[in-house]
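Asker: First, the structure itself, so that you have it in front of you.
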Amino acid sequence: MYSLLRHPLYFGNYLIWLGIAIVTFNIYFVVIMSLLFWVYYERIMFAEERFLEGKFGDAYLNWSNTLPAFIPAFLNFKKSVILRPSLVFGINDNFFNKFASIVQFFPVLPIFGGGLTKFSPVWVEDVASAIIAVLEKEKIEQNIFELGGPETFSFKELMEILLKQIKKKRFLLSIPWSIARYQAKFLEIFTKTILTEDQILLLQDCDSVVTGHYPGLKDLNINGMTVETVLPDYIFRFRDSGQFNRD
């Protein structure tokens with residue numbers, strides 16, 4: 001959004017308030033709301049821009065001079081770059097750490113839909129390197145990049161790798177999609193940190209793999225790290241003896 005205008009957050013806020021105002025079907029209310037919004041936020045935007053100008057100097061000025069403050073320049077959208085990462089893993093990831101935590105307390109490990117969903121797991125630091133590489137490129141011919149690791153695994157295979165790394169044996173219980181959705185709905189009543197219905201739908205709808213239709217890590221001169229190379233460096237804490245059980 002920052003390639004379209006300088007204050008996308010406030011533009012989004014205005015659209016929210018505009019939607020509420022339109023529901024009243026009162027044109028005067030819409031106009032008054034718009035004027036009050038502008039009076040209030042214009043001063044805030046001005047103060048923020050002076051602050052950023054003082055902090056970043058010419059770099060900020062050169063950027064701000066190419067964009068409008070509030071009305072999106074949609075013609076700039078074609079210059080945007082879309083990065084599509086597969087399953088991102090790393091020291092604080094919400095995938096391997098989550099399922100390793102489940103293993104600590106339950107004798108079974110759930111795999112949804114038979115564990116057939118496929119992933120091209122990509123290390124978080126490779127994703128960061130890709131972002132930097134894209135920002136540093138002077139010319140980008142393709143504005144979509146698929147970020148995936150060098151290997152593709154099914155959900156079941158990733159669970160087997162996890163169990164091997166934390167040196168535990170668990171029964172892999174296949175849960176049908178229909179039951180998984182109801183399970184997620186029930187868990188969402190109490191917390192959204194374990195499993196959500198949206199996560200189940202994403203797993204069910206499609207694989208998250210590198211298709212080869214778009215450039216990827218290799219096109220950015222990045223040699224992606226494999227799961228089995230990185231995972232042992234942080235998942236060992238879920239072993240019975242933690243870091244002292246590395247063998």
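The values are calculated or read from the model by the stated rules, or taken from the named source; none is laboratory data. All figures in this text were calculated on a predicted structure; none of them were measured in a lab. Every residue, glycine among them, receives a Cβ derived from its backbone with ideal geometry; neighbour counts consider all protein chains shown.
Asker: Which residues, counting only those in the stretch 45-67, are more than 18 Å from Tyr10 (Cα to Cα), surrounded by 14 or more Cβ atoms within 10 Å (Cβ to Cβ) and not aromatic (Phe, Trp, Tyr)?
Answerer: Glu53
Asker: For the stretch 167-189: of the residues being touching a Leu at 6+ places or on another chain (Cβ under 9 Å) and free of Cβ contacts under 8 Å to residues at least 24 places away in the same chain, which is nearest to Leu231 (Cα to Cα)?
Answerer: Residue satisfying both the conditions and the ranking: Lys169.
Asker: Which of the following residues is more than 30 Å from Asp126 (Cβ to Cβ) and among the aliphatic types (A, V, I, L, M): Ala73, Ala59?
Answerer: Details: Ala59 fails: more than 30 Å from Asp126 (Cβ to Cβ).
From the options Ala73, Ala59, the qualifying one is Ala73.
Asker: Still on this model: When Gln142 is evaluated against the numbered criteria (1) among the polar types (S, T, N, Q); (2) in a helix (DSSP H, G or I); (3) more than 16 Å from Lys98 (Cβ to Cβ), which criterion, by number, is the only one it fails?
Answerer: That leaves (2) as the condition not met.
Asker: Select from the stretch 43-89 the residues that are assigned to a loop (DSSP other than H, G, I, E, B) and within 18 Å of Ile140 (Cβ to Cβ) and list them in ascending order.
Answerer: Thr66, Ser80, Val81
Asker: A further question follows. Are any residues in the stretch 206-245 over 15 Å from Leu147 (Cβ atoms), among the aliphatic types (A, V, I, L, M) and in a loop (DSSP other than H, G, I, E, B), and if so, which ones?
Answerer: Leu231, the sole residue that qualifies.
Asker: A follow-up question, please. Considering only the stretch 24-40, state which residues are in a helix (DSSP H, G or I), surrounded by 10 or more Cβ atoms within 10 Å (Cβ to Cβ) and of a type in the set (Val, Ile, Thr).
Answerer: Ile27, Val30, Val31, Ile32
Asker: Suppose we filter Phe70, Phe74, Phe56, Phe89 for residues that are closer than 30 Å to Ile194 by Cβ and either out of contact with any strand residue (DSSP E or B) (no Cβ under 6 Å at 6 or more places or on another chain) or not aliphatic (A, V, I, L, M) (or both); which single one remains? Spell out the reasoning first.
Answerer: Working: Phe70 fails: closer than 30 Å to Ile194 by Cβ; Phe74 fails: closer than 30 Å to Ile194 by Cβ; Phe56 fails: closer than 30 Å to Ile194 by Cβ.
Testing whether each residue is closer than 30 Å to Ile194 by Cβ and either out of contact with any strand residue (DSSP E or B) (no Cβ under 6 Å at 6 or more places or on another chain) or not aliphatic (A, V, I, L, M) (or both) leaves just Phe89.
Asker: With the structure loaded, tell me whether Ile200 is in a helix (DSSP H, G or I), in contact (Cβ under 8 Å) with a residue 12 or more places away in the chain and within 21 Å of the chain's Cα centre (by Cα) or whether it fails that test. Talk me through it step by step, then tell me what you get.
Answerer: Details: in a helix (DSSP H, G or I): yes; in contact (Cβ under 8 Å) with a residue 12 or more places away in the chain: yes; within 21 Å of the chain's Cα centre (by Cα): yes.
Judged against the criteria, Ile200 is a match.
Asker: Scan the stretch 165-173 and give yes if some residue there is in a loop (DSSP other than H, G, I, E, B), aliphatic (A, V, I, L, M) and buried (at least 16 other Cβ atoms within 10 Å of the Cβ), otherwise no. If you could, list the steps in order and put the result at the bottom.
Answerer: Residues of the stretch 165-173 that are in a loop (DSSP other than H, G, I, E, B), as a first pass: 166-170.
After this cut, where a residue has to be aliphatic (A, V, I, L, M) as well, the list is 166.
Those still in the list that are buried (at least 16 other Cβ atoms within 10 Å of the Cβ) too: 166.
Yes; the residues of the stretch 165-173 include at least one that is in a loop (DSSP other than H, G, I, E, B), aliphatic (A, V, I, L, M) and buried (at least 16 other Cβ atoms within 10 Å of the Cβ).
Asker: Looking only at the stretch 84-125, which residues are closer than 15 Å to Glu146 by Cα and aliphatic (A, V, I, L, M)?
Answerer: Leu87, Val88, Val122, Val124
Yes/no per residue for (1) among the aliphatic types (A, V, I, L, M); (2) in contact (Cβ under 8 Å) with a residue 12 or more places away in the chain; (3) assigned by TED's automatic domain parsing to the domain that holds Val209:
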residue	(1), (2), (3)
Trp17	no, yes, no
Leu35	yes, no, no
Val39	yes, no, no
Gly57	no, no, no
Ile71	yes, yes, no
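Asker: Same structure, new question: In this structure, does Leu231 turn out to be in contact with a Phe, Trp or Tyr (Cβ under 8 Å, 6 or more places away or on another chain) and modelled with pLDDT of 90 or more? Break it down stepwise before answering.
Answerer: Details: in contact with a Phe, Trp or Tyr (Cβ under 8 Å, 6 or more places away or on another chain): yes; modelled with pLDDT of 90 or more: yes.
Spelling it out, Leu231 is indeed in contact with a Phe, Trp or Tyr (Cβ under 8 Å, 6 or more places away or on another chain) and modelled with pLDDT of 90 or more.
Asker: Restricting attention to the stretch 148-164, does a residue exist that is more than 18 Å from Pro85 (Cβ to Cβ) and assigned to a loop (DSSP other than H, G, I, E, B)?
Answerer: For the stretch 148-164, residues more than 18 Å from Pro85 (Cβ to Cβ) and assigned to a loop (DSSP other than H, G, I, E, B): absent.
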